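J.: I'd like to ask some things about the structure below.
Read the figures in this text as sums done on the coordinates, not as results from a lab. Computed from a prediction, not measured in an experiment: that's the story for all the values here.
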Amino acid sequence: MAVPMDLSKLSDNGANLLRLVNLWLIVAFPVSWIAPLLKAGFLPLFKLQEISVWSGLMDLIQSDVILAAIVALFAMILPMTKVIATALVQFAWIEARNVWWISILGKLAMAEVFLIALYIVVAKGVGVGRLETGWGLYFFTFCVLLSYGITIIEARRGEMK
């Protein structure tokens with residue numbers, strides 16, 4: 001039987017750790033944007049090209065500005081906005097009731113991870129080239145999940161509703 005977690009009395013050290021981890025995400029997210037998500041090549045004999053959120057965005061801007069804006073929104077702007085808003089609540093610079101949309105941002109940021117995974121499945125299914133996942137995909141996913149976890153913990157503590 002699972003016992004519901006009561007995090008409302010999280011120690012000061014625990015609360016400070018949450019703040020530090022959230023602040024770490026302000027640096028980690030931009031690193032995840034330039035880290036290689038995939039390595040792709042047209043034929044198995046040719047060298048694989050590394051694709052990151054940033055390089056993919058730069059390629060998209062040249063071909064489809066609207067799709068580039070959507071990717072920038074879901075992969076960069078929403079996750080960073082969520083982390084910054086969470087930090088503002090954690091340091092009591094704004095009231096939690098003013099940022100009710102934080103949990104929605106976390107869910108929307110996960111859309112990018114889903115789209116990347118879908119792209120990998122489709123590309124491997126076609127079988128024309130070679131596709132390998134890069135460490136950046138795992139790092140980006142880790143950052144999104146960590147940010148989402150912080151929001152859940154903060155909500156259970158009563159900092160954010």
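J.: Once phi is turned into ³J(HN,Hα) by the Karplus curve 6.51 cos²θ - 1.76 cosθ + 1.60 with θ = phi - 60°, what whole-Hz value does each residue of the stretch 56-72 show in order, with x for glycine and proline?
T.: x, 5, 5, 5, 5, 4, 6, 10, 8, 5, 5, 5, 4, 5, 5, 4, 4
J.: List the residues, sorted by chain then number, that are 5 or more residues from residue 52 or on another chain and whose placed amide H is less than 5 Å from its amide H.
T.: 37
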